[in-house]
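Inspection log for the structure reproduced underneath, given as structure tokens.
The values are calculated or read from the model by the stated rules, or taken from the named source; none is laboratory data. Here the structure is a predicted model, which means the values were calculated and not measured. As a convention, Cβ positions derive from the backbone with ideal geometry for all residues, glycine included, and neighbour counts pool all protein chains shown. Accessible surface areas use protein heavy atoms only, side chains included; no ligands, DNA or RNA. Shrake-Rupley method; radii C 1.70, N 1.55, O 1.52, S 1.80 Å.
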Amino acid sequence: MMFVKVYQYHIQKDKTDEYLAIQEKASKIYGRYIDFHSMYLNSKVDATKWIEISRYKDEDEYQKSIDMINEQEEIQELFKAFQSLLVTDKSEISEEDFIEKKEIYTF
């Protein structure tokens, strides 16, 4: 069963390109340590609101890898850059853990 992390936060409207560039760089670093799939959703109602959904093979593999990832200086720098893009009065980042129970594809 897949382990899923869901984050929600608010990025300044004029910083979307920088935000996506940071996510791209962070993904390359994550990819050195763990297999994952991430999706970034931008609200149609509030242009500053983003939801990030990342899927991992299982929680154990995620926990083993995340400590090594977070030790990387480059990741720490990218996180600081990410934080600078958050909307000033909405700077909280919500984080939730899920287990994927089923996935259905139609073609």
Item to check | Listed residues I53, F3, Y30: farthest to the positive end of the dipole of the chain (Cβ charges) | outcome: I53
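Counting heavy atoms of the protein chains only and a 1.4 Å probe, report the per residue accessible area for the chain as a whole number of Å².
Values: 7450 Å² over 107 residues.
Dividing the accessible area of the chain by its residue count gives 70 Å².
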Checklist entry - Hey, quick one: spin label on K90, modelled 7 Å out along Cα-Cβ, who in segment 38-57 has an amide N within reach, i.e. under 13 Å? => result 42-51
Item to check | Gyration tensor (Cα) of the chain, equivalent ellipsoid semi-axes in angstrom | outcome: 23, 19, 12
Next on the checklist: From Cα pairs below 8 angstrom and at least 6 apart in sequence, can you work out the relative contact order of the chain, rounded to a whole percent?
Outcome noted: 48 percent
Checklist entry - Longest span of the chain, sites excluded, free of GluC sites (Glu not before Pro) in DSSP loop with at most 12 other C-beta atoms within 10 Å? => result 1-91
Checklist entry - To the nearest 10 Å², what's D60's accessible area with a 1.4 Å probe? => result 110 Å²
Checklist outcome for this item: With Rg from the Cα atoms and Rh as the Kirkwood inverse mean 1/r over Cα pairs, segment 63-107 has an Rg/Rh of 1.14
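Pull out the extension gain between M1 and A81, defined as 0.36 nm times the separation in residues minus the alpha carbon to alpha carbon distance; nm, one decimal. All intermediate terms of the calculation are to be shown ahead of the outcome.
Values: separation 80, 0.36 × 80 = 28.80 nm, distance 3.27 nm.
Full extension of this stretch gives 25.5 nm more.
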